[in-house]
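See structure below.
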Amino acid sequence: MTQQIRIGLFGTGRIGQVHAMSLATLDEATLSWVCDPFIEGAKRTAAEYGGRVSADPEEVFASGEVDAVIVASPTATHVGLVEMAIDSNVPVLCEKPIDLDIARVDALRAKAAESDVPIALGFNKRFDRHFVELKRRVAAGEIGALEQLVIISRDPGEPPASYLAESGGIFRDMTIHDLDLARYFIPDIVEVSARGANVFSENVRQADDFDSAVVTLRGANDELVTIVNSRHAAYGYDQRVEAFGSTGLLHVGNKNDTLVRHWSARAVEAIGPYQNFFLERYAEAYRLEVAEFLRAVRGLPSRSPGFEDGRAALILADAAGMSARTGAAVAVDLAS
Ligand SMILES: NC(=O)c1ccc[n+]([C@@H]2O[C@H](COP(=O)([O-])OP(=O)(O)OC[C@H]3O[C@@H](n4cnc5c(N)ncnc54)[C@H](O)[C@@H]3O)[C@@H](O)[C@H]2O)c1
């Protein structure tokens, strides 16, 4: 491998831009190929961050000019691109979810397990330094035995109808991040129950999806996790986590851009809305996610979540969907 890790980027949409931006801040990597069938997007990204342009993933792998790839294209393309990466012996960071269909994920599972090629999954919340610190302090025993975890995750506004149609539903698109975050603290989940509701969005209802959801997970040691999701929050992107244990509680609150607060006749300690959305709130986490992936590419120990984590999160999301539709709790076995 050359000194600089040469990266091929697939997809130059919302999250592809984030990864290109992160790469630009990391001295050890360089963008060598930018691939998107929407060639204007690829050209724009390459003009800003460098790299050769292609509309064809085969051309990128065949070039021999990539030491690793980042898959930031639509979900339906992930399995094919991860498989190409494995076949080409090229480490891959793949966005979540691996696929919407667990059967397709399972069909790739043996190949992924048998291969030495590092496969990292884009669960950025594991790299948020506040959640990392929370986990460190839970593990250090600051709250005794972990008994309950509460994850609140509300988007500022619903996605467009075109996105909803392809998203796979709230559990596989949005909750999946929180299901993985739950597993960051409690890897072995044995039961899932969920409720979904339609409280504000006709678009979401038309897509046969929920705009509001609550999921409860049971860990192997009877820990309980509650995940609260909404597709809208009037006050901005709401991201909170609370860990409750036998001797205390640890809490991560929301981030604001400013320390300035306003006292008036209408409110005290008033402050503007929270950071707008994931691009702002998790900018640093996305960068650390890529940096950690580069460690794996270099053959160094890495704490990137992998294929099995991506599979586990999808199993939990599917179980949540089933529970929300049937009303019954769903037992899961993530080990098998
Ligand atoms: N981790 C996160 O926080 C996060 C956030 C947003 C999206 N995502 C995931 O990232 C993926 C992309 O989402 P997005 O919102 O950036 O989508 P997007 O629609 O904004 O961008 C996708 C881009 O991929 C291109 N593309 C289509 N087929 C391709 C192919 N075969 N090879 C290369 N490029 C291809 C499209 O032309 C488009 O430019 C989805 O799987 C989504 O679930 C993750």
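The values are calculated or read from the model by the stated rules, or taken from the named source; none is laboratory data. None of the values given here were measured: they were computed from a predicted structure. Cβ placement follows ideal geometry from the backbone for every residue including glycine, while neighbour counts extend to all protein chains displayed.
So which of Val34, Val82 ends up being in contact with a helix residue (DSSP H, G or I) (Cβ under 6 Å, 6 or more places away or on another chain) and either within 15 Å of the ligand (Cβ to nearest atom) or not hydrophobic (A, V, I, L, M, F, W, C) (or both)? If you could, list the steps in order and put the result at the bottom.
Numbers: Val82 fails: in contact with a helix residue (DSSP H, G or I) (Cβ under 6 Å, 6 or more places away or on another chain).
Only one candidate passes the filter, namely Val34.
Anything in segment 274-300 that is under 28 Å from Gln4 (Cα atoms), under 17 Å from the mean Cα position of the chain (by Cα) and assigned to a loop (DSSP other than H, G, I, E, B)? List them, or say none.
Going through segment 274-300, the residues under 28 Å from Gln4 (Cα atoms) turn out to be 279-280, 282-300.
Still in the running and under 17 Å from the mean Cα position of the chain (by Cα): 279-280, 282-293.
Tyr282, the sole residue that qualifies.
Taking the condition outside any loop (DSSP other than H, G, I, E, B), on the phi < 0 side of the Ramachandran plot and within 16 Å of the ligand (Cβ to nearest atom), does Leu217 pass? Step through it out loud before you land on a result.
On the way: outside any loop (DSSP other than H, G, I, E, B): yes; on the phi < 0 side of the Ramachandran plot: yes; within 16 Å of the ligand (Cβ to nearest atom): no.
It is false that Leu217 is outside any loop (DSSP other than H, G, I, E, B), on the phi < 0 side of the Ramachandran plot and within 16 Å of the ligand (Cβ to nearest atom).
Given the criteria assigned to a helix (DSSP H, G or I) and either more than 19 Å from the chain's Cα centre (by Cα) or touching a residue at least 12 places away in the same chain (Cβ under 8 Å) (or both), does Arg303 qualify? Don't jump to the end; show me each part of the working.
Details: assigned to a helix (DSSP H, G or I): no; either more than 19 Å from the chain's Cα centre (by Cα) or touching a residue at least 12 places away in the same chain (Cβ under 8 Å) (or both): yes.
The answer is no for Arg303.
For Glu95, are the conditions met, namely being away from the ligand (no atom under 12 Å from the Cβ) and modelled with pLDDT of 95 or more? Show your work before the answer.
Values: away from the ligand (no atom under 12 Å from the Cβ): no; modelled with pLDDT of 95 or more: yes.
No, not satisfied.
Those residues that are polar (S, T, N, Q), within 19 Å of Leu288 (Cβ to Cβ) and near the ligand (Cβ under 9 Å from one of its atoms), I need them from segment 9-31; list them, please. Steps first, answer last, please.
Narrowing segment 9-31 to residues polar (S, T, N, Q): 12, 17, 22, 25, 30.
Narrowing the set further to residues that are within 19 Å of Leu288 (Cβ to Cβ) leaves 17, 22, 25, 30.
Within segment 9-31, Gln17 is the sole residue that qualifies.
Which strands (runs of 3 or more DSSP E) sit wholly inside segment 220-273 and have at least 2 residues that are surrounded by 16 or more Cβ atoms within 10 Å (Cβ to Cβ) and β-branched (Val, Ile, Thr)?
On the way: elements: 224-230, 238-245, 248-252.
Hits in segment 220-273: 224-230.
Return the pair list, or none, for Cβ contacts closer than 6 Å from residues in segment 162-183 that are within 19 Å of Pro305 (Cβ to Cβ) and in the same structural domain as Val214 (by TED's automatic domain parsing) to residues that are within 12 Å of the ligand (Cβ to nearest atom) and basic (Lys, Arg), at least 6 apart or on different chains.
As it stands, the answer is Ile176/Lys96; His177/Lys125; Leu181/Lys125, since those pairs meet every condition given.
I'd like the full set of residues that are of a type in the set (A, V, I, L, M) and touching a helix residue (DSSP H, G or I) at 6+ places or on another chain (Cβ under 6 Å), limited to segment 150-163.
Narrowing segment 150-163 to residues of a type in the set (A, V, I, L, M): 150-152, 161.
Ile151, Ala161 - these are the residues of segment 150-163 that are of a type in the set (A, V, I, L, M) and touching a helix residue (DSSP H, G or I) at 6+ places or on another chain (Cβ under 6 Å).
For segment 184-214, name all the residues that are of a type in the set (Gly, Ala, Ser), in contact (Cβ under 8 Å) with a residue 24 or more places away in the chain, closer than 27 Å to Tyr282 by Cα and assigned to a strand (DSSP E or B).
So the first thing to find is which residues in segment 184-214 are of a type in the set (Gly, Ala, Ser), and the list is 193-194, 196-197, 201, 207, 212-213.
If we keep only those that are in contact (Cβ under 8 Å) with a residue 24 or more places away in the chain as well, we get 193-194, 196, 201, 207, 213.
Now drop any that are not closer than 27 Å to Tyr282 by Cα, which leaves 194, 196, 201, 213.
Passing the criteria: Ala194, Gly196, Ala213.
Considering only residues that are hydroxyl-bearing (Ser, Thr, Tyr) and within 12 Å of the ligand (Cβ to nearest atom), look in segment 37-60 and name the one that is farthest from the chain's Cα centre (by Cα). I'd like the intermediate steps shown before the answer.
Start the filter on segment 37-60 by keeping residues that are hydroxyl-bearing (Ser, Thr, Tyr), which leaves 45, 49, 54.
Checking which are within 12 Å of the ligand (Cβ to nearest atom) leaves us with 45, 54.
On the way: Thr45: 22, Ser54: 26 Å.
Top of the filtered list is Ser54.
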